[in-house]
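A short reminder: the numbers here are calculations on the coordinates, not readings from a lab. As the structure is a computational prediction, the values presented were derived from the model and not from experiment. FYI the Cβ positions are ideal-geometry reconstructions off the backbone, even for glycines, and counts take in every protein chain you see.
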Amino acid sequence: MKLFSTNTIAVPNDLSALTQVIPGQEVDPQDVGLTAHQRDLIWTAVENLYRTGISPAVTFCLRKGGKVVLNRSLGHRRGNGPADSPDTPKELARPDTPMCLFSASKVVTAMLVHKLAEDHQIDLLAPVAHYLPEFGVNGKQHITAAHILSHRAGLPTIQGDFETDLLFDTPAVVKVLFDAKPQSRSGHKAAYHAVTGGYILGELIQRVSGMDARQYLQQLITTPLGMKHFNYGLAPEHRGTEAVGYATGLKPVLAVDWFLQNALGGDLDTVVNLTNDPRFMDVICPAGNIFATADEACRFFELLLRGGELDGQRIFDPVTVKRATLEAGKPQFDGTLLAPLRYSHGMMLGGNPVGLYGPMTGRAFGHLGFSNIFCWADPERDISVSLLTSGKPVIGLHLPALAMLLSTLSFQIKRRF
């Protein structure tokens, strides 16, 4: 990553050759109470985000009233990174190109835990040590699954220096976390758990269900809903079809570098290279390595929007979805992300008058992913949305265009109540 550079890609004036649509999948917007002009304004906002050059590939899916309004891709899944030459072989992204959801994976893992609670296999308010006795040492005996889901367990980062390769060794990470001392009293304050909480919840899922998180997800959601990907990592037979991640944007400032180093063990370039490593596709990283298409991610949030049932398949009880999306406590200034955030037990919530998912999104629920991935549902607008990007900026000149896209969605799709 160049120090004094915007680290952006080449973008042609005419985007039509870079745009892919699956014929016959998108409905007439009038079928869901929108106009063609409103749909086009939303897609133009996606194009304007791509025009900033911050992401080689963008895939976007929007459902309203359960029907697909937009499911399109822009750009290249590989070959058009900031450091690539014009002669580098390029491959177009497609709407069915799998991408890593990164931290948006946390919602999926959270729902697996909520399903265990629905089936009376765990109690979210019981100490994790009740199910994982080895965890209840060094002051962690009172930490509950609810604390972890709401980022209040007091274990936001892996303490001490560690190599990023540690993240490929799940048993080793679990042991480190089992031996760790909390950095704050459980339940006391919010501090985003970038990867730590996921490993603990993954171990909890395996210990209680008898299946690892990948097997449990496959059985519970992926197979019943007929999804091709949507699981931790990427199956060997699908490798080479995914969108490659690229470090883009301005070089991170010291505070951001500190966060990446403490959360993931490296700087931005190191972290991006890690996520392109085949080993990252082999392991189960419950907090951050589900691979899915934009449509699959959107379908998952549509499932939650519909109270746990989709396409005739009942996955969750409606009460389970309600419990997972209710605010976990009053908004707090997050000690890791250094911003005020609203959390449920497993999700990042929207806000009024403005929130993570745009203006007037107080009832929206979902999650962000590294670093400009947005997946959410908004009951007031009856929409589910997924925006997947292969560029990994932390800061950059794209932020106004991103804000405009979120605002366009909010303003063009009116709240029902």
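Shape verdict for segment 148-305, please, from the Cα gyration tensor: rounded (a/c under 1.5), prolate (a/b greater than b/c) or oblate. Here segment 148-305 falls in the oblate category. Taking the convex hull of the alpha carbon positions in segment 9-83 and averaging its projected area over all directions gives 5.2 nm². Please say if segment 111-155 is rounded, prolate or oblate, where rounded means a/c under 1.5 for a ≥ b ≥ c the square roots of the C-alpha gyration tensor eigenvalues, and otherwise the choice is prolate for a/b larger than b/c and oblate otherwise? Oblate. Go ahead and run the numbers for FRET between L397 and Q159, Cβ-Cβ distance against an R0 of 41 Å, rounding to 0.05. Using R0 = 41 Å, I get an efficiency of 0.70. Using R₀ = 45 Å, calculate the FRET efficiency as 1/(1 + (r/R₀)^6) where r is the Cβ-Cβ separation of R239 and A36; round to 0.05. Efficiency at R0 = 45 Å is approximately 0.75.
Here T241, T389 are placed in order of increasing Cβ neighbour count within 10 Å, fewest first, which gives T241, T389. Shape class of segment 284-346 from the Cα gyration tensor (axes a ≥ b ≥ c, square roots of the eigenvalues): oblate, since a/c reaches 1.5 or more and a/b does not exceed b/c.
For segment 262-305, the pair-distance distribution built from all alpha carbon pairs, in bins 5 Å wide starting at 0, is 5, 17, 21, 21, 15, 11, 9, 1 percent. Measuring nothing but how far apart in sequence close Cα pairs (under 8 Å, 6+ apart) lie, relative to its length, the chain scores a relative contact order of 23 percent. In plain terms, the residue of L217, L15 with the fewest other Cβ atoms within 10 Å comes first and the most crowded comes last, giving L15, L217. Among the listed pairs K115/K322; K106/K414; K251/K392; K189/K330, those with a Cα-Cα distance over 18 Å are K106/K414. From least to most packed, judged by other beta carbons within 10 angstrom and beginning with the fewest, T196, T88 follow the order T88, T196.
Could you work out the Kirkwood radius for the chain, taking every pair of different alpha carbons, averaging 1/r and inverting it, reported in Å? With all distinct Cα pairs of the chain included, I get 21.4 Å.
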